[in-house]
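Written out below as structure tokens is the structure these notes cover.
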Amino acid sequence: MSKKLAILSSYDVICGNAAFSERLIKSINESNSGWKAFPVDLNLNLNQNIGKLEVKAADRNFEEIASKLREFDAVNIQFEAGLYGILPSHVKRRLKKVLTANPKTFITYHSPRTTTNFKPRKDAIRFALRGRLIKAVASELDYFRLNFDVRMNRQIIKLLKSNDIPVVVHTTRSKDLLSFVFGLKDVHAHPIIFAEKTNINYEKSKSILNNLGLPSNRKLVGLFGFISKYKGHMEALDALERLPSEYMFVIAGRIHPQSLGNPDASKYVQKLMKKISTKPGLSDRVKFVGELNDEQFQDLVAAVDCCLLPYHEVGQDGSGIASLCFEVGKRVVASNSYAFDELVRLVPGYKTYRFDIENYIEMATQIELAVNSNTSLPGTKQFTLESQSKLYLSLSE
């Protein structure tokens, strides 16, 4: 009889955590290892609510989840704080409940950012000394808002250490941070792997271009994932203005479901639309193809001439989109963010064209160099779907 591994995560929702968890379960169940992985779902409608009745219902739901986890031989928790609640007290209380439910539990910590951003506090002091009290208060509030995740992550790491929980992270930097700074004893670094280059039929993938009404005689640059300010779409459009007319952007994605109704998200999309519609030569060179299923998404990544990752620096640790682009895409042009620095450092086979964040002139240059290159990314042989499954199964034993 197979041993049972529970993967506690979000499922059947539009987010990277859910997509990765589903892919992980599939690869484990195809490994002939004597283990079978099962999804255990988090109720985001309850967890991401601060109404009194909803909070109580969410806590009861975590009692039920903890009871269910005791029935498994091992448990993996795919952890992002936002999946457990909005307030730090809710996140910590609920995480502790599932961490301690089963003695054979390990966690995948997707964003263990602990570096404090002191700039808003310095600004607050500077404004206060000049007598500009309103700006001083606003900067101090920015300090607390921007470092909200940092304070919570420090509490979570202490919880993991006190319970001797093995941890999987996605970069060497995070592994060193948890091991050497916070003293966790069992930390493993493995990039997020969704697919492998050896499994991609590149001739077949080209059919997605016809299916989406994309011209095959243009130089196609793909931008993938949720549409958000930190993803750098605005600077990418500035770069497109400087590229020859045969270059075209394909944007696959949508606003994050949790940002629906958020005025900032709406304003950002409106700014993008205004720029595209008012700048000469842009409107017919940008195609939004919306949300795609997993197979279509992977085919499009493989089919475009290069993948563009113009992200800003937000302390992100791992990126499923980036991993898929590096592994499946022909070529990748990426900003000099820490996340991409660390991914290339961990996986030397992930060669790429880089540019300074928000430098759209350099971005345009790197896009041309990449597209006109005759070489494609080799992919990684060190980190694979198999090595990912083996790591999770070794921590389950």
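The values are calculated or read from the model by the stated rules, or taken from the named source; none is laboratory data. Computed from a predicted model, the values in this text were never measured in an experiment. Backbone-built Cβ (ideal geometry, glycine too); neighbour counts: all protein chains shown.
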- Hits in region 353-397 (condition: over 17 Å from Leu220 (Cα atoms) and hydroxyl-bearing (Ser, Thr, Tyr)): Tyr360, Thr380, Thr384, Ser387, Ser389, Tyr392, Ser394, Ser396
- Query: Could you list, in sequence order, the residues of region 18-49 that are farther than 21 Å from Thr108 by Cβ and either small (Gly, Ala, Ser) or within 25 Å of the chain's Cα centre (by Cα) (or both)?
  - Reply: Gly34, Asn45, Leu46, Asn49
- Task: Could you tell me whether Lys36 is assigned by TED's automatic domain parsing to the domain that holds Tyr392, part of a helix (DSSP H, G or I) and not small (Gly, Ala, Ser)?
- Result: no
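Conditions tested, residue by residue: (1) closer than 25 Å to Tyr360 by Cβ; (2) at pLDDT below 85.
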{"position": "Val181", "(1), (2)": "no, no"}
{"position": "His188", "(1), (2)": "no, no"}
{"position": "Leu209", "(1), (2)": "no, yes"}
{"position": "Leu214", "(1), (2)": "yes, yes"}
{"position": "Phe226", "(1), (2)": "yes, no"}
{"position": "Met234", "(1), (2)": "yes, no"}
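Per-residue answers, yes or no, for (1) at pLDDT below 80; (2) of a type in the set (Val, Ile, Thr); (3) in the same structural domain as Phe297 (by TED's automatic domain parsing):
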{"position": "Ala101", "(1), (2), (3)": "no, no, no"}
{"position": "Phe106", "(1), (2), (3)": "no, no, no"}
{"position": "Asp123", "(1), (2), (3)": "yes, no, no"}
{"position": "Leu129", "(1), (2), (3)": "yes, no, no"}
{"position": "Tyr143", "(1), (2), (3)": "yes, no, no"}
{"position": "Ser162", "(1), (2), (3)": "no, no, no"}
{"position": "Tyr202", "(1), (2), (3)": "yes, no, yes"}
- Can you find a residue in region 226-234 that is touching a strand residue (DSSP E or B) at 6+ places or on another chain (Cβ under 7 Å), among the small types (Gly, Ala, Ser), buried (at least 22 other Cβ atoms within 10 Å of the Cβ) and in the same structural domain as Tyr311 (by TED's automatic domain parsing)? yes
- Task: Identify all residues within region 78-115 that are more than 20 Å from Ser319 (Cα to Cα) and part of a helix (DSSP H, G or I); write none if there are none.
- Result: Pro88, Ser89, His90, Val91, Lys92, Arg93, Arg94, Leu95, Lys96, Lys97, Val98, Leu99
- Task: Any chance you could count how many residues in region 62-79 are out of contact with any strand residue (DSSP E or B) (no Cβ under 9 Å at 6 or more places or on another chain) and buried (at least 16 other Cβ atoms within 10 Å of the Cβ)?
- Result: 2
- Task: Looking at (1) touching a Cys at 6+ places or on another chain (Cβ under 9 Å); (2) free of Cβ contacts under 8 Å to residues at least 40 places away in the same chain, find the lone condition where Glu80 falls short.
- Result: (2)
- Task: Having 3 or more residues that are among the hydrophobic types (A, V, I, L, M, F, W, C) and out of contact with any Leu (no Cβ under 6 Å at 6 or more places or on another chain) is the bar; report the helices (runs of 4 or more DSSP H) wholly within region 169-266 that clear it.
- Result: 233-241
- Give region 272-310 a look and list any residue that's without any contact (Cβ under 8 Å) to a residue 40 or more places away in the chain, closer than 22 Å to Val332 by Cβ and among the acidic types (Asp, Glu), or say none. Glu295
- Quickly run through region 292-326 and pick out the residues that are at pLDDT 85 or above, among the acidic types (Asp, Glu) and touching a Ser or Thr at 6+ places or on another chain (Cβ under 8 Å). Asp299
